[in-house]
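The structure appears below as structure tokens.
The values are calculated or read from the model by the stated rules, or taken from the named source; none is laboratory data. Bear in mind that the values here come from a model prediction, so they are computed numbers and not experimental data. Neighbour counts run over all protein chains shown; Cβ positions are idealised from the backbone, glycine included.
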Amino acid sequence: MAAYLEKKDPEIWSSPKVRADETAQLLKENLFETEIIYKDFIASGDLGKLDEELSQTEEKTIVLVGHEPFLSAWTREITGEEVVIKKGGALEIEYDPEDSGNDILNWEYSLKNFEEIIAREKKILKKLKNPSFKTSLEKVLSHQFNKILENREYYLRDNNDIESIHQYRVSIRKFRGIISALKKLLEKEDYLRIQQKFREIGGEAGYLRELDVLIEEYKPLSQEQEILLTKSALLQELRKERRKEKERLKEIFITEEYRQILVEAYTDLIVCLPWKKIESKKTWEYILPIADKWMKQILKALKQYEEFEFESTHKIRLKAKKYRYVVKAFEDYLPEEYKDNYKVAKKYQTLLGDTCDSIRNQEALKEIIQEPEGDLEKELNYFLESETQRGQHFKEKLENKEWLDIGKEEE
């Protein structure tokens, strides 16, 4: 959207409310010289005031960031078109303050329909030989940071949906993976500080995700024991703990201070990057050597794998994750064969992850449920035994190495 607006030299009008302001701030970050003008009437839905303000401005393009149901109602009043603007959606109106009969709805996109814009942009990129690393990095960082903000909103909107906190954490891990790829461009102190900031931000949501994983893992085990999900003593304990953690996180996430922490961490990275240094470098010249190095490290570690040990196995898993995140983020600028390597890394990450999760699940259960009695103790022991057997299965699969096809991968 910012790329579309850039040549129009727009003015941004925003409701002063937090969620509208967050969207306006994102636009401002990508439209460098544009300031945000806050208008109370946008928050209150005053159509008369909107007409008055538009008739007085000399600006040719106004970006109005507001709320439903006012935006849809204003559109119907101004253009006569029936629209429902969903979250993440946008539309463009040609407005004639002197003749309302000339007001036209040019286009309307839902968040889903923005895929059309993205697809067009990808086609344009493919026609280019390869943009500079500076150009691609700006796009990738902006996109990935926006996903963090979007997924924060997703959680605030629906924190009962277990995917909301999962996607929030994934978006932060992806961003941290990209920071890892930029390590040699940053001063050591800057790199460590920035990574630590995002590690702490992601870690804040770790416990809730852990509870969600345990709940989902135990549901089929409850049914194996012919215990109704609503009657399971263990599920009741885990859900009670989840409700407390969900509310704790919501109180943190909803604050302006928390949003500012996110923005400041992102800004810190942007300021510390040596943009002039990478202006003349092509994307593949920087990313490919890093991706190749990481894949070699993954294969070497798996080839040398002898016996399960949590820390070393988890370390390989994280490397496979970072490889996937970075290759996926820059896929439009890399050779086609790296998509195959992406699938290989995904295979490694899945098995390593299942192995580590089975161990961590047992540790987490013992930390959460202390001194259980009666049905709770019985169900807990059943869950622990199941996870022990699951972990053993994955350990054996790792140790036999046949699934790796390492020789084939190295040829």
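Restricting the search to segment 174-207, which residues are among the aromatic types (Phe, Trp, Tyr) and within 18 Å of Gln260 (Cβ to Cβ)?
Listed by number, the residues that qualify are Phe175, Phe198.
Please enumerate the residues belonging to segment 29-61 that are of a type in the set (D, E, K, R) and either modelled with pLDDT of 85 or more or not in a loop (DSSP other than H, G, I, E, B) (or both).
Residues satisfying the conditions are Glu29, Lys39, Asp40, Asp46, Lys49, Asp51, Glu52, Glu53.
Can you tell me which residue in segment 272-285 is nearest to Arg176 (Cα to Cα), limited to those that are touching a residue at least 60 places away in the same chain (Cβ under 8 Å) and assigned to a helix (DSSP H, G or I)?
In this case the residue turns out to be Cys272.
Could you identify the single residue in Tyr338, Tyr323, Tyr348, Tyr382 that is touching a Lys or Arg at 6+ places or on another chain (Cβ under 9 Å) and outside any loop (DSSP other than H, G, I, E, B)?
The unique qualifying residue is Tyr348.
Here's the yes/no breakdown for (1) in a helix (DSSP H, G or I); (2) over 27 Å from the mean Cα position of the chain (by Cα):
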position: Leu228; (1), (2): no, yes
position: Leu234; (1), (2): yes, yes
position: Glu237; (1), (2): yes, yes
position: Lys246; (1), (2): yes, no
position: Glu257; (1), (2): yes, no
position: Thr267; (1), (2): yes, no
position: Ile270; (1), (2): yes, no
position: Ile287; (1), (2): yes, no
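Among the residues that make up segment 298-319, is at least one of them modelled with pLDDT under 85, among the basic types (Lys, Arg) and over 26 Å from Lys188 (Cβ atoms)?
Yes, there is a match, as at least one residue in segment 298-319 is modelled with pLDDT under 85, among the basic types (Lys, Arg) and over 26 Å from Lys188 (Cβ atoms).
As an exercise: evaluate Leu186 against (1) within 20 Å of the chain's Cα centre (by Cα); (2) surrounded by fewer than 19 Cβ atoms within 10 Å (Cβ to Cβ) and give the number of the one condition it does not meet.
Unmet for Leu186, out of (1) within 20 Å of the chain's Cα centre (by Cα); (2) surrounded by fewer than 19 Cβ atoms within 10 Å (Cβ to Cβ): (1).
Scan segment 155-176 and give yes if some residue there is part of a helix (DSSP H, G or I), in contact (Cβ under 8 Å) with a residue 24 or more places away in the chain and of a type in the set (Gly, Ala, Ser), otherwise no.
Yes, segment 155-176 has at least one match.
Please go through (1) at pLDDT 80 or above; (2) of a type in the set (Val, Ile, Thr); (3) surrounded by fewer than 16 Cβ atoms within 10 Å (Cβ to Cβ) for Ile104 and return the number of the only condition it doesn't satisfy.
Condition not satisfied by Ile104: (1).
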